[in-house]
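What follows draws every value from the coordinates through simple rules; no lab data is involved. Only a predicted model underlies this, so the values are computations on that prediction, with no experimental measurement involved. With ideal geometry, Cβ positions are generated from the backbone for all residues, glycine too; neighbour counts draw on all protein chains shown.
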Amino acid sequence: MILGIDPKVDYAFKRVFGDERNAEILIHLINAVIKPEVPITDVEILNPFSERDFAEDKLTVLDIKARDQLGRLVNVEMQILLPRHFRSRILYYWAGLYRQQLCEGDSYATLRPVISICLLNQTLFPTVDEYHLAFSLVNAEHSICFSEQIQVHLLELPKFRRTPDELADPLDKWLYFFKHAERMDSDQLPDALQEPAIQRAIKEYEMLTQDEVERERYEARLKAVRDQMSLLEDATEQGLEQGIEQGLEQGIEQGIEQGIEQGLEQGLQQGRAMGLEMGEFIGQIHICQRRLKRPLTPTDELKALSLDALRQRAEELEAELFGS
């Protein structure tokens, strides 16, 4: 049976890992990430999944807050899309949990560590190959730990590319599961995934697919995520187009200014070399029109022309500008 559920969707993630009945699954995942000297054996989920909250559409924060048997607080979240200022957001949530431990008159000695675990479906640190990045408060020059009260673990799923034969430890197995679960056949799991906790998670997701109400909630959340992704892609594309246009125009203008000293034609060539071919001609047309003190042809109108037509218009204006 193909699972057909993506556990990276926050509703699906919290529905299984935030259910108090599945505490053993959450414990296994946390131990796999932080690898504590004393393994976690018990957790209290502080904001458990609630049917009533979802029915009333009141649950907006889909992370999981838990306290282990040593009193440490753990915040676990799944992020398909990275929100703006994500790093500041992590610190803000960490600080909130840390501060909430004390009431008036309590001693600072009672404060327990707060551990943030973030599973990311996008890359936050592209210059680093490691998919598991652990952060703490350490002096970089002398490697002196200021405090062990803060831990932040980032798991960047796009960087995880191991095959089933290469899964070395429980964390590798969980990451493989999160990346591939939607397309997995639960009847033909890789040997490496024959972990009781992972098999339990798969069973939970199988039950979710067979529950009409749960499936509708999951599909609604998935649609919201896809809509958000589409909006971000549209905004990125629009921003890229505007950036290219502005960059080309500035580049060509800079090239012209440099060309005053180095030769105007050479300056134009340097300006044209800074952009895509079509954008290059559009920028050239606008610069020539400015120099000839003529109204600028709207960019959208120029975009509608063929590349050959743009080239011809740019060459005509350039010839007119230089009197050739």
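Less than 5 angstrom separates the built amide H of Ser116 from those of Asn75, Gln151, Val152, His153, all sequence-distant by 5 or more or on a different chain. Taking label positions 7 Å along the Cα-Cβ direction at both Asn47 and Ile2, the computed distance is 3.4 nm, reported to one decimal.
Apply the a/c threshold of 1.5 to the C-alpha gyration tensor of region 1-139 and tell me whether it is rounded, prolate or oblate.
Rounded, because the longest to shortest axis ratio a/c is under 1.5.
The label point for Asp185 and the one for Leu296, both projected 7 Å from the Cα toward the Cβ, are 5.9 nm apart.
Apply the a/c threshold of 1.5 to the C-alpha gyration tensor of region 135-195 and tell me whether it is rounded, prolate or oblate.
Prolate shape, in that a/c is at least 1.5 and a/b is the bigger ratio.
Could you calculate the contour length gain from Ser306 to Leu91, that is, 0.36 nm times the residue separation minus the distance between their Cα atoms, to one decimal place in nm?
Taking Ser306 through Leu91 to full extension adds about 72.3 nm, to one decimal.
With a Förster radius of 35 Å applied to the beta-carbon distance between Thr127 and Ala168, the computed FRET efficiency rounds to 0.90. Quick one: grab the alpha carbon gyration tensor of region 281-324, order the square roots of its eigenvalues as a ≥ b ≥ c, and give me rounded if a/c is under 1.5, else prolate or oblate depending on whether a/b is larger than b/c. It is oblate, given that a/c is not under 1.5 and a/b is not larger than b/c. Using the Cβ of Leu157 as centre and a radius below 11 Å, the other residues enclosed give a net charge of +3, where K and R count +1 and D and E count -1. Applying the criteria of a DSSP loop state and at most 16 other Cβ atoms within 10 Å to the GluC sites (Glu not before Pro) of region 106-179 yields Glu130, Glu141.
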